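First comes the structure, then the notes that go with it.
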Amino acid sequence: MAAPMAGTQAPGFYRHKVGNYEVTVISDGTLTLDSTIFTGDEAGAEKLLRDAHLPKMGFTTPLNVWLINTGQKLILVDAGGGTHFAPSIGRLPQNLAAAGVSPAAIDAVVITHPHPDHIPGVITSDQKMLFPNATLYVNENDHAFWTSADIRGKAPEEFRGFFDLAVNAIKPYAAAGKLSLYKDGTEFAPGVRAVACYGHTVGHSMVRVSPPGGDFLIFGDIVHCVALQFPDPERSVAFDTDPPAALANRKRVLDMVATDRLLFSGGHLPFPALGHATRSGSGYAFVPVIHNSEV
Ligand SMILES: [Zn+2]
């Protein structure tokens, strides 16, 4: 039977129970990356991408945000790129609405790192707080770095916009007295705490969610392309602030989640971005959770 093509995607959110908390992974959309932004030999990268049925240039990488419901508090981790960075992202508001959550209900927004695909989504297109009742948590090192006019002035031209997007996103929360600077170990709610993983940025942090009966790690941006960096964790992205630290942390964290059989999620893992790491060859393979019709 003939029928019109839908031509639009289904809402992107997926719920998973972690102990007595509920975590909802929310898609903010997708970005495209080129193999040339990764370190490592090109022939090897081409082979890994070909094996994953991805092109060398312009392959899709997902962008994810998380909502943690503790039963008492709603904590958003990251906020995506909003309307300020790329047209293929900024889907958080519509996907949050589809998940039945109003922005006004959010108590806290924890930013893993204030890059342009993770923080601009805290404000609307007219630069107002999208989450009027939320405290915005930014790592203290990241805050000092990304709001520094001096560091911005010394940064390469193409990265200066990163600073402006971070400053604009933080500004209305700071003005409203709703900005809080966090550090390693800060607890945002019982069993929800920051774990330092500096390197990708000077304050890049993971969020460990470990309520009674559950354990889960949001590892932020230690991986930007599963196809390249799980089999070969030595491959890094060009825009790490401290490349050796970012590389060492990727290796350390992948080793930890594989050894501890810990469930994790990441900013650029394939949606719904929940899974485990298993050792494979000299690296790892990503083992996604199976879509479950029950939470
Ligand atoms: Zn990112």
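The values are calculated or read from the model by the stated rules, or taken from the named source; none is laboratory data. Model, not experiment: these values are computed from the prediction. Every residue, glycine as well, gets a Cβ built from its backbone with ideal geometry; the counts of neighbours run over all protein chains shown. Quick note on the areas: whole protein, heavy atoms, side chains included, nothing else; ligands and nucleic acids left out. Shrake-Rupley method; radii C 1.70, N 1.55, O 1.52, S 1.80 Å.
Below, the figures for the structure above:
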read-out: Dipole magnitude (debye, nearest 20) for the range 142-213, charges at Cβ of Lys, Arg, Asp, Glu; value: 180
read-out: Rounded, prolate or oblate (a/c below 1.5 giving rounded, otherwise prolate when a/b exceeds b/c) for the range 4-57 by Cα gyration tensor; value: oblate
read-out: The range 99-241 - convex hull of alpha carbons, volume per residue in Å³; value: 144
read-out: Beta bridge orientation in the chain: antiparallel %, DSSP, nearest 5; value: 75
read-out: Relative contact order computed over the range 200-273 (Cα-Cα under 8 Å; 6+ residues apart), in percent; value: 37
read-out: Residue-normalised accessible area of the chain, expressed per residue, 1.4 Å probe, Å²; value: 44
read-out: Burial ranking of peptide ranges 18-29, 114-125, 142-153 (average Cβ count within 10 Å, highest at the top); value: 114-125, 18-29, 142-153
read-out: Cα centroid separation - the range 34-62 against the range 242-259, whole Å; value: 20
read-out: The range 139-197: Rg to Rh, with Rh as the Kirkwood radius over Cα pairs; value: 1.05
read-out: Debye, to nearest 20: dipole size of the range 19-84, +1 on Lys, Arg Cβ, -1 on Asp, Glu Cβ; value: 140
read-out: Shape category assigned to the range 43-171 from the gyration tensor of Cα positions, a/c cut at 1.5; value: oblate
read-out: Per-peptide average of other Cβ atoms within 10 Å, ordering 254-265, 218-229 highest first; value: 218-229, 254-265
read-out: Rg/Rg_ref, the range 65-113, where Rg_ref = 2.2 N^0.38 Å and atoms are Cα; value: 1.14
read-out: Within the chain, helix-based [θ] at 222 nm, where runs of 4 or more DSSP H residues each add -39,500 (n - 2.57), nearest 500; value: -6500 deg cm²/dmol
read-out: Convex hull of Cα atoms in the chain, direction-averaged projection (nm²); value: 16.7
read-out: Only Lys, Arg (+1) and Asp, Glu (-1) charged, at Cβ; the chain dipole about Cα centre in debye; value: 460
read-out: Estimated FRET transfer efficiency (residue 293, residue 260; beta-carbon r; R0 45 Å; 0.05); value: 0.95
read-out: Rel. contact order, % - alpha carbon contacts under 8 angstrom, at least six apart, the range 27-106; value: 34
read-out: For residue 74, distant residues with modelled amide H under 5 Å away; value: 107, 108
read-out: Principal axis box of the range 216-295, alpha-carbon based, largest edge first, Å; value: 41, 24, 20
